[in-house]
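Trainee: I'd like to ask some things about the structure below.
FYI, it's all coordinate maths here, none of it is from the lab. Bear in mind the structure is a predicted one, so any value in this text is a computation, not a measurement. Every residue, glycine among them, receives a Cβ derived from its backbone with ideal geometry; neighbour counts consider all protein chains shown.
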Amino acid sequence: MAVRRTRPGTRTPRELGYSFPAEWARHQGTWISWPRPEGISFPDRYHESIEDVIRVIAAIARFEEVHLNVPNSNYRRIVRDVLEVRGVPLRRVRCHEIPTNECWTRDHGPAFVLRERRGRTEAAVVDWGYNAWGGKYPPWDADDAVPTRVAKGLKLPVFSPGIVMEGGAVDFNGAGTVLTTTSCLLNRNRNPHLSKPEIEQYLKDYYGQQHVVWLGDGIEGDDTDGHIDDLARFVDERTIVVGVEDDPRDANFRVLQDARRRLARARDQQDRPFEIVELPMPRPVSYKGQRLPATYMNFLFVNGALLVPTFGQPARDRRARAILQRLLPKRRVVGVDCRALIWGLGAIHCLTQQQPHW
């Protein structure tokens, strides 16, 4: 099956019945791009950070298949050897020779959309443009090509909106509402030619949504200009968890208070209020004087579980997991140490992109 790209005048995914499913829907697996030592994500700490990446892979592999993008066959062998030594079950790991510049698959990976047609579930890939968070970290050409390469390997059709969009900038309730921030999607370093209503229309047309909820700014240390997956997340169709900072002197205090106020006024696709649950922020995490975007909101749903980043702060780590466990009694809430991974300015959700089941 040849990869098909959308052209001007063609029908959008929404018109064809496709939509982006909630992250908690059943997965076929999760995609991760293996970090390269020559990449820029983990300066001076690559070998420490890769251990956290392996922890994430091992945690996912307990529950579902892991798809790893690697540059070539030599990397395939090296990576599998490393994972085997660390006790990762290789039967749950599939390597794909898809080169990348960096490892942040949430933002450069494929956005899978699904539709029901003639009694079958069909999938397609939306290949949004990618420019390394507003042109901050060249080169990004290999990352930008990932969605189409994945689609080709899976023999899926491709929709190409022709604008920049990152997976970490949006979150979905699975019923028609997408949550995002103005500081990222309206930033002039992404799509300066588009207005807010035009961005909303792209979200609706290509993710198959009905309604958009906007928050404001992102947290301190976030170099993406304010990704939603560091700020507030859906845990079911009607419930949103949002970070809260209890120290008024902290740089995140006002940002998170503003997000909380906006969510209190927000409505879903049926004009109903959400249930808002507050999740504590970890104490500030810094390295070499740089504030890092540590947050418990950067969790990942996998089949039967929720993987939550932890930061070596036992009391706060436990409290965050306990709140999420109460909200998700049918899932195992599993903490994964991300103290080295966060040096790359991302955690579990940033590193991954789920492939829904079809």
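Trainee: I'd like to know how region 1-142 sits against the 2.2 N^0.38 Å rule of thumb: what's its Cα Rg over that expected value? Kindly include the intermediate steps, with their values, before the conclusion.
Mentor: Working: Rg = 17.2 Å, N = 142, 2.2 N^0.38 = 14.5 Å.
So the Cα radius of gyration is 1.19 times the expected 2.2 N^0.38 Å.
Trainee: Next question, about the same structure. Quick one: of the DSSP bridges fully inside region 27-356, what percent are antiparallel, nearest 5?
Mentor: Working: 25 of 55 bridges.
Approximately 45 percent, going by the DSSP bridge assignments.
Trainee: A further question on this structure: Using only C-alpha positions, report the orientation-averaged shadow area of the convex hull of region 157-225, nm², one decimal.
Mentor: Mean orientational projected area (region 157-225, Cα hull): 5.0 nm².
Trainee: Now for a separate question. What does the net charge come to around Arg238 if you take all other residues with beta carbon closer than 10 Å to its beta carbon, with K and R at +1 and D and E at -1?
Mentor: Numbers: positive: Arg272; negative: Asp236, Glu237, Asp268, Glu275.
Once all neighbours under 10 Å are counted, the net charge is -3.
Trainee: For region 242-331, just run the numbers: alpha carbon Rg, then divide by 2.2 N^0.38 Å, N being how many residues it has. Walk me through the intermediate numbers first.
Mentor: Working: Rg = 14.6 Å, N = 90, 2.2 N^0.38 = 12.2 Å.
It is 1.20.
Trainee: Please report the orientation-averaged projected area of the chain, defined via the convex hull of its C-alpha atoms, in nm².
Mentor: Values: hull surface 70.0 nm².
Computed as one quarter of the Cα hull surface, the answer is 17.5 nm².
Trainee: Next question, about the same structure. Past 31 Å, Cα to Cα: identify those pairs from Lys136/Lys288; Lys288/Lys330; Lys155/Lys330; Lys152/Lys330; Lys136/Lys204, in the order given. Present the calculation step by step, with values, prior to reporting the outcome.
Mentor: Details: Lys136/Lys288 20 Å; Lys288/Lys330 40 Å; Lys155/Lys330 34 Å; Lys152/Lys330 35 Å; Lys136/Lys204 27 Å.
Over 31 Å Cα-Cα: Lys288/Lys330; Lys155/Lys330; Lys152/Lys330.
Trainee: Using Cβ counts within 10 Å as a stand-in for footprinting exposure, how do Leu263, Leu185 rank, fewest first? Numbers along the way, then the final one.
Mentor: Details: Leu263 20, Leu185 27.
Ordered from fewest to most neighbouring Cβ atoms within 10 Å, Leu263, Leu185 come out as Leu263, Leu185.
Trainee: What is the order of His193, His27, His96, His67, fewest Cβ neighbours within 10 Å to most?
Mentor: Working: His193 7, His27 21, His96 16, His67 24.
Ascending Cβ contact count within 10 Å gives the list His193, His96, His27, His67.
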